[in-house]
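Accompanying notes for the structure given below.
The values are calculated or read from the model by the stated rules, or taken from the named source; none is laboratory data. Since this is a predicted model, take the numbers as computed values, not measurements. Cβ atoms come from the backbone with ideal geometry, glycine included; neighbour counts cover every protein chain shown. Just so you know, the surface numbers come from the protein's heavy atoms only, side chains and all, with ligands and any DNA or RNA stripped out. Shrake-Rupley method; radii C 1.70, N 1.55, O 1.52, S 1.80 Å.
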Amino acid sequence: MATMIVVAGKGGVGKTAISSLLADSLSKKGVVLAIDADPSTNLNTALGLPLSCTVGKAREDLTEDITKGTISPTVAKQDVLDMKIREAMVESSKIDLLAMGRPEGPGCYCAANHMLRLSIDRLAKNYDYTVVDSEAGLEHISRRTTQDIDVLLTVSDPTIRGITAAARVKDLIKEMRTKVGKIYLVVNRVKNGLPPDIDKAITDLGLEMIAAVYEDPNLAELEVKGKPIIELPPNSPLRNGAEEIISKLGL
Ligand SMILES: Nc1ncnc2c1ncn2[C@@H]1O[C@H](COP(=O)(O)OP(=O)(O)O)[C@@H](O)[C@H]1O
Ligand SMILES: [Mg+2]
């Protein structure tokens, strides 16, 4: 069964770092599709993979083909899109990566967008796990209509403001059409244990924390050298955090 995990939260909280390590750990258990849904596309760097063409480009090509009428009426457009998406994918021995690229734009009631989601959902079914590194907004999540999200991880820094924002995300999700199985909070960059005020806010806001991830002293050096995050040594706090999440999810 394909399990879809979406990592959300505001900019700079550690979504990409956590997504890459989740993908890396899950790749030891099954085949993983990593989706970079952030237009700034940096999941590939975290995973040490080259950046290819984006899905946004594939969608634009298809829209153009439809407008110009260059697709033969005997060819199913969905099949053309499937093919274009496969071309945009970066394959590696452990993880396949798909970068969404440019956002869909304001005209969201668009046949191409709907077809795009259908193609991606069809693709995701071939994997044991899909990990989505979200953009800061909830666009991608709110527009999902076909495949449901099994686990939504909202990442926050250990601040009251961050935790409050995470609670707001949880409430928003409930109002959306998207079905989300479980919503958990990940508090990232914790230094000397979880401050009692934060702990209280989590309880008061009705959030369920799956892991407190500690500040990782090994990360800065990797980033200075431009090395992938997945090269973090065993037992480094971020890696431990990702493994704790996976184990608590029962994956
Ligand atoms: N647990 C951590 N310890 C130390 N640095 C971290 C940790 N988590 C994230 N960072 C750093 O914080 C910055 C933002 O992380 P990133 O994953 O890019 O955030 P996002 O994808 O949410 O914008 C990066 O420089 C990253 O290395
Ligand atoms: Mg990011």
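Results, tabulated for the structure shown:
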read-out: Scope the stretch 201-212; condition at negative phi, out of contact with any Leu (no Cβ under 8 Å at 6 or more places or on another chain) and not in a helix (DSSP H, G or I); matching residues; value: Leu205, Ala211
read-out: Members of the stretch 213-233 that are touching a Gly at 6+ places or on another chain (Cβ under 9 Å) and either open to solvent by less than 30 Å² (accessible area, probe 1.4 Å) or in a helix (DSSP H, G or I) (or both); value: Val213, Asp216, Pro228, Ile229, Ile230, Glu231
read-out: Any hit, the stretch 7-16, residues being open to solvent by 20 Å² or more (accessible area, probe 1.4 Å), among the β-branched types (Val, Ile, Thr) and within 13 Å of ligand 2 (Cβ to nearest atom); value: yes
read-out: Top-ranked residue in the stretch 17-31 [being of a type in the set (A, V, I, L, M, F, W, C) and surrounded by 24 or more Cβ atoms within 10 Å (Cβ to Cβ); ranked as nearest to ligand 1 (Cβ to nearest atom)]; value: Ala17
read-out: Selection within the stretch 171-200 - assigned to a helix (DSSP H, G or I) and open to solvent by 100 Å² or more (accessible area, probe 1.4 Å); value: Lys174, Glu175, Pro196, Asp197, Lys200
read-out: Ala112 being over 11 Å from Leu33 (Cβ atoms) and modelled with pLDDT of 80 or more; value: no
read-out: Filter result for Val75 (hydrophobic (A, V, I, L, M, F, W, C), surrounded by fewer than 19 Cβ atoms within 10 Å (Cβ to Cβ) and in contact with an Asp or Glu (Cβ under 6 Å, 6 or more places away or on another chain)); value: no
read-out: Test set (1) more than 15 Å from ligand 1 (Cβ to nearest atom); (2) in contact with an Asp or Glu (Cβ under 8 Å, 6 or more places away or on another chain); (3) at pLDDT below 85 - Ala136 fails condition number; value: (1)
read-out: Residues of the stretch 44-60 classified as under 22 Å from Asp82 (Cα atoms) and within 12 Å of ligand 2 (Cβ to nearest atom), total; value: 1
read-out: Unique match (being surrounded by fewer than 14 Cβ atoms within 10 Å (Cβ to Cβ) and over 13 Å from Ala8 (Cβ atoms)) among Thr159, Thr203; value: Thr203
